[in-house]
1. Has the stretch 283-298 got at least one residue that is assigned to a loop (DSSP other than H, G, I, E, B), of a type outside the set (Phe, Trp, Tyr) and either surrounded by fewer than 11 Cβ atoms within 10 Å (Cβ to Cβ) or modelled with pLDDT under 90 (or both)?
2. List every residue pair whose Cβ atoms lie under 9 Å apart, where the two residues are 6 or more positions apart in sequence or sit on different chains, the first residue falls within the stretch 210-231 and is outside the structural domain of GLU245 (by TED's automatic domain parsing), and the second residue, located anywhere, is of a type in the set (Phe, Trp, Tyr).
3. Across the stretch 88-97, what is the total count of residues that are without any contact (Cβ under 8 Å) to a residue 60 or more places away in the chain and either surrounded by 11 or more Cβ atoms within 10 Å (Cβ to Cβ) or not assigned by TED's automatic domain parsing to the domain that holds TYR36 (or both)?
4. Going residue by residue through the stretch 193-203, is there one that turns out to be in a loop (DSSP other than H, G, I, E, B), surrounded by 11 or more Cβ atoms within 10 Å (Cβ to Cβ) and modelled with pLDDT of 90 or more?
5. If you check every pair at least six apart or on different chains, which have Cβ atoms under 9 Å apart with a residue in the stretch 148-167 that is under 20 Å from LYS203 (Cα atoms) first and a residue that is among the aromatic types (Phe, Trp, Tyr) second?
Amino acid sequence: MASPEMIRWYAITFTFCVLLLIYPSISIYCDEDDCYDLLGVSQNANASEIKKAYYKLSLKHHPDKNPDPESKKLFVKIANAYEILKDDETRSQYDYAIAHPEEVFYNTARYYRAYYGHKTDTRAVLIGLLLILSGFQYVNQWTRYTQAIEMVKKTPAYKNKLRALELERSGGVTNKKKNNKMDKKIQEDLSEELELQIKGAEKPSVWGLLGVRFVLLPYTLSKLLLWNGCWLWRYKVKKAPYSWEDASYLTQRSLGASADAWRNLDEATKDDLIQRQLWVKPNMESYLSEMRRESKRRR
């Protein structure tokens, strides 16, 4: 379940994204003004009337003719209105937006596609998308990590381990006054030391983010191809015996165990499983039968 902080963060992000979409849809063409009103023409005016009105107003409010700062701002608005109304396609879109103001997202999408679609670099869009997804991914991983830490810290097992480490650091002294004076930095170090032992509570790493993995994709693919080539040459062509690391990989894959689960097994158990050569089908079937018999015997 998401924490209150995470819910607030998602709510703020969602609200910000909605505002980015809705606010421009209200004033995407001529700000708060009406493009036709700016040029002083009706919505039924033809192209010639619009052009004539623009030239008349532009001469009146051009900065070279009129030094008034307000007149300069009006000149910019007039020029923008003319750019919208002189083109049949953008004028049609503007007329549709006036007639259907409730279609906020559709009107906004048409506007940005018409004015910025041809200028948008696909690579920039992809990078931006990866950055956004990576940001969400990092926040989500960090939230899950902190939640796991807080949950484990409330368990008796964690508190007992922390107490044992405190006694070890303090030389076995149990005096309450001395324990109460323990330096805060030492307590933080103890907590960090125990956090490393918590299964499934690994801190998020930038190397696991989607954006970083995408950037490193060529390197990853090259490394994978090289690894597979070496594997085929060593074990399929030369028929060499499996190394301990490769046998360990095959055993883990055969068991369907995660990397964390396999890493947390003791070395004796790993050696026993590897010696069974479970990647060989008959050996795996024999092992599964043995596990089923053991399970029935315990019941």
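1. Within the stretch 283-298, not a single residue is assigned to a loop (DSSP other than H, G, I, E, B), of a type outside the set (Phe, Trp, Tyr) and either surrounded by fewer than 11 Cβ atoms within 10 Å (Cβ to Cβ) or modelled with pLDDT under 90 (or both).
2. ARG213/TRP207; LEU216/TRP207
3. Within the stretch 88-97, residues that are without any contact (Cβ under 8 Å) to a residue 60 or more places away in the chain and either surrounded by 11 or more Cβ atoms within 10 Å (Cβ to Cβ) or not assigned by TED's automatic domain parsing to the domain that holds TYR36 (or both) number 6.
4. Among the residues of the stretch 193-203, not one is in a loop (DSSP other than H, G, I, E, B), surrounded by 11 or more Cβ atoms within 10 Å (Cβ to Cβ) and modelled with pLDDT of 90 or more, which makes the answer no.
5. VAL152/TYR158
The values are calculated or read from the model by the stated rules, or taken from the named source; none is laboratory data. All values derive from a computational prediction rather than experimental measurement. For neighbour counting, all protein chains shown are included, and Cβ atoms are generated from backbone atoms with ideal geometry for every residue, glycine included.
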